[in-house]
Every structure is written in C-alpha cells, then in structure tokens.
1. Consider Arg91 against the criteria (1) touching a Gly at 6+ places or on another chain (Cβ under 9 Å); (2) within 23 Å of Ser4 (Cα to Cα): it satisfies all of them except one. Which criterion is unmet?
2. Test Asp19 against the stated conditions and say whether it is charged (D, E, K, R) and in contact with an Asp or Glu (Cβ under 7 Å, 6 or more places away or on another chain).
3. Is there a residue in region 26-37 that is of a type in the set (Gly, Ala, Ser), buried (at least 16 other Cβ atoms within 10 Å of the Cβ) and within 15 Å of Lys11 (Cβ to Cβ)?
4. For residues that are over 15 Å from Trp66 (Cβ atoms), free of Cβ contacts under 8 Å to residues at least 40 places away in the same chain and within 11 Å of the chain's Cα centre (by Cα), tally how many sit in region 8-49.
5. Condition first: charged (D, E, K, R), surrounded by fewer than 15 Cβ atoms within 10 Å (Cβ to Cβ) and at pLDDT below 95. Now tell me which residues in region 8-25 satisfy that.
6. So, in region 53-103, exactly how many residues are exposed (fewer than 12 other Cβ atoms within 10 Å of the Cβ) and of a type in the set (Gly, Ala, Ser)?
Amino acid sequence: MAQSLTTEQVKDALRDVYDPEIPVNVVDLGLIYGVDVTPENNVKVTMTLTAAGCGMGPYIAQQAEWAIAELEGVNDVNVEIVFEPPWSPERITDEGKKLLGID
C-alpha cells in the first residue's frame, strides 16, 4: 500500500508552480487556501488568483494539478479555483515578500 501523503508534501510540490506574471510560487504568493489529503491519497486543493479576471487561471490550475500528480502515491487530484475570500497582498508569506523585494 502506498504511503499516505501529507499536506506539507503537496505544498512542497506546489512551490514549483508559478503565476507566469509574478516570480513567486503560488504557495508563497498566498494563493493556496486549502489542501486536503484523504487516506486514499486523493488530493483537493482550493486556490485563488491574484485577480478574478486573470486569464492565466486555467493554466496555473493545470500546472498545480500536474505538480501534485507527480507525487508518489497520488490517486486523484482536484484543483478548485475560488474567489472568496478575495486574495490580498497580506497573504504573501515572508519568503514571498523577500522574493518580491517587499518589506
């Protein structure tokens, strides 16, 4: 039986996913609202975009799905884009702020 995935493993995989317009990964940008992993290694990610009208949304969601699917033992992946609550720059992690040059 495959080893159970952890939320942290999923977040680590998502650190390889970037908004093409911003040089910071989706985790440090604060776009990931939730990661749920079932005992069967089904993964559901709830994420948002920096702007509701962002045309890159489907691309970013697909990149997230592919990054998670590469993890060993993953069964099913579902990436859902939501706009509530709206994203704001306060969600950027300290690491993301360093990368963006924001103090």
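The values are calculated or read from the model by the stated rules, or taken from the named source; none is laboratory data. Everything quoted here is computed from the prediction, not taken from an experiment. A quick note on method: Cβ atoms are made from the backbone with ideal geometry, for glycine too, and the neighbour counts reach across all protein chains shown.
1. Arg91 satisfies all of (1) touching a Gly at 6+ places or on another chain (Cβ under 9 Å); (2) within 23 Å of Ser4 (Cα to Cα) except (2).
2. Values: charged (D, E, K, R): yes; in contact with an Asp or Glu (Cβ under 7 Å, 6 or more places away or on another chain): no.
For Asp19, the condition - charged (D, E, K, R) and in contact with an Asp or Glu (Cβ under 7 Å, 6 or more places away or on another chain) - is not met.
3. Step one: filter region 26-37 for residues of a type in the set (Gly, Ala, Ser), giving 30, 34.
After this cut, where a residue has to be buried (at least 16 other Cβ atoms within 10 Å of the Cβ) as well, the list is 30.
Among the residues that remain, those that are also within 15 Å of Lys11 (Cβ to Cβ) are: 30.
Within region 26-37, one or more residues are of a type in the set (Gly, Ala, Ser), buried (at least 16 other Cβ atoms within 10 Å of the Cβ) and within 15 Å of Lys11 (Cβ to Cβ).
4. 8
5. Matches in region 8-25: Glu21 only.
6. 4
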